[in-house]
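The values are calculated or read from the model by the stated rules, or taken from the named source; none is laboratory data. Predicted model, so just to flag it, every value in this text is computed and none were measured. Counting neighbours? That spans all protein chains shown, and the Cβs are built from the backbone with ideal geometry, glycine included. Please note that ligands, DNA and RNA were not included when accessible areas were found on the heavy atoms of the full protein model with its side chains. Shrake-Rupley method; radii C 1.70, N 1.55, O 1.52, S 1.80 Å.
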Amino acid sequence: MSKTLYSMPSSGNSYKVRLMLALLNEPYTHIGLEYETTGLAEAHALGALPMGKLPVLVLEDGTALPESNAILCFLADGTPWMPDDAVSRAHALGWMFFEQNRHETVIAVRAALRNYPSRAHLATPERMAELLDAGHAVLQVMEAHLADNDWLAADAPSVADIALYAYTHMAESQGGFEMKQFPAINAWLARIAALPGYVGLKDTPE
Ligand SMILES: N[C@@H](CCC(=O)N[C@@H](CS)C(=O)NCC(=O)O)C(=O)O
């Protein structure tokens, strides 16, 4: 029996895990659940989502792991995707905390306000302008680092690159951010898309 992933096809948090599994060439069963579907309501009702959110990775013994970046760390453990020296590992975790604390809360939120009809009422001009400025400032932190480094945490791609790739690669198409001002980020996005085994957001299994 393989692992089972509960994931939301349109969501970057879920896409991170699908991308990591693909890059690791790990087989898994995929259960795709979108917002406002009976499938998602049932998963909540059945207690399949321990922290009430997707993604959730269910291991072969039935253990259910929530939180996208925790799942990435689990999958990367013992592979080249998790740096083996303590300093690079701390850098990787630092970027992953940055992703959840400062990046996802702005970049993904603006994309959600533009794309999910149920959030449209929250997309006031003031809020959208505030998120645009905040997002460009967050992206500038990545740009400054990537101007001098090919990868975020180490000399090779790591879990941190996968965590930050998900919402950054759709920052313009879905979030409306102006990415041409970030050449180093764009070059890094292209490096990730060229990795063997890479899959896109829409390449969901089945
Ligand atoms: N910090 C969590 C955030 C997960 C999250 O917000 N998931 C959303 C989709 S992006 C979700 O499951 N929404 C469905 C719901 O709330 O019912 C992670 O990184 O896994």
Worksheet item: Given H placed 1.01 Å from N in the peptide plane, which residues other than close sequence neighbours of K3 have an amide H under 5 Å from its amide H?
Response: T29
Practice prompt. Filter the chymotrypsin sites (Phe, Trp or Tyr not before Pro) in segment 17-85 down to the DSSP loop ones having no more than 14 other Cβ atoms within 10 Å, then list what survives.
Written response: Y35
Worksheet item: Which percent, to the nearest 5, of DSSP beta bridges fully inside the chain are antiparallel?
Response: 55
Item to complete: Answer with one residue from W81, P125, S2: the one whose Cα lies farthest towards the positive end of the charge dipole of the chain, charges on Cβ with Lys, Arg +1 and Asp, Glu -1.
Response: P125
Worksheet item: Dipole size in debye (nearest 20) for the chain around its Cα centre, Lys and Arg Cβ +1, Asp and Glu Cβ -1?
Response: 400
Response to the item:
Of all DSSP beta bridges with both partners in segment 1-67, the antiparallel percent, nearest 5, is 55
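Once the Cβ-Cβ distance between R114 and L24 is put in as r, and R0 is 30 Å, what FRET efficiency do you end up with, to the nearest 0.05? Present the calculation step by step, with values, prior to reporting the outcome.
Numbers: r = 32 Å, r/R0 = 1.06.
So, using R0 = 30 Å, E works out to roughly 0.40.
Can you divide the C-alpha Rg of segment 3-76 by 2.2 N^0.38 Å and report the result to two decimal places? Can you show the working numbers first?
Details: Rg = 11.3 Å, N = 74, 2.2 N^0.38 = 11.3 Å.
My calculation over the Cα atoms of segment 3-76 gives 1.00.
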Discussion item. Please list, by residue number, everything in segment 55-70 whose backbone N is under 15 Å from a paramagnetic label point 7 Å out along Cα→Cβ of H44.
Written reply: 55
Worksheet entry | Where N is the number of residues in the chain, Cα Rg divided by 2.2 N^0.38 Å | 1.01
Discussion item. Less than 29 Å apart at the alpha-carbon level, and either on another chain or at least 8 residues along: which lysines does that give for K180?
Written reply: K16, K202
Worksheet, complete the sentence: Quick note, segment 104-206: a/c under 1.5 would make it rounded; otherwise a/b > b/c is prolate and the rest oblate (a ≥ b ≥ c, C-alpha gyration tensor); here it is oblate
Worksheet item: Counting alpha carbon pairs within less than 8 Å and at least 6 residues apart, what relative contact order, in whole percent, applies to segment 3-76?
Response: 38
Practice prompt. Enter the Cα centre distance for the pair segment 1-73 and segment 126-181, rounded to the nearest angstrom.
Written response: 24
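State, as an integer percentage, the relative contact order of the chain based on alpha-carbon contacts under 8 Å between residues 6 or more apart.
Working: 273 pairs, mean separation 53.3, N = 206.
Rounded, it is 26 percent for the chain.
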Item to complete: Leaving ligands, DNA and RNA out of it, rank H136, H121 by accessible area with a 1.4 Å probe, largest first.
Response: H121, H136
Fill in: Rough spin-label spacing in nm, given labels placed 7 Å along Cα→Cβ, for M1 and D203
2.9
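Which helices count as membrane-span-like in the chain under these terms: full DSSP H, at least 20 Å along the axis by C-alpha, Kyte-Doolittle mean of -0.5 or more?
On the way: long enough: 125-146 (31 Å, 0.19).
Those that clear 20 Å and a mean of -0.5 are 125-146.
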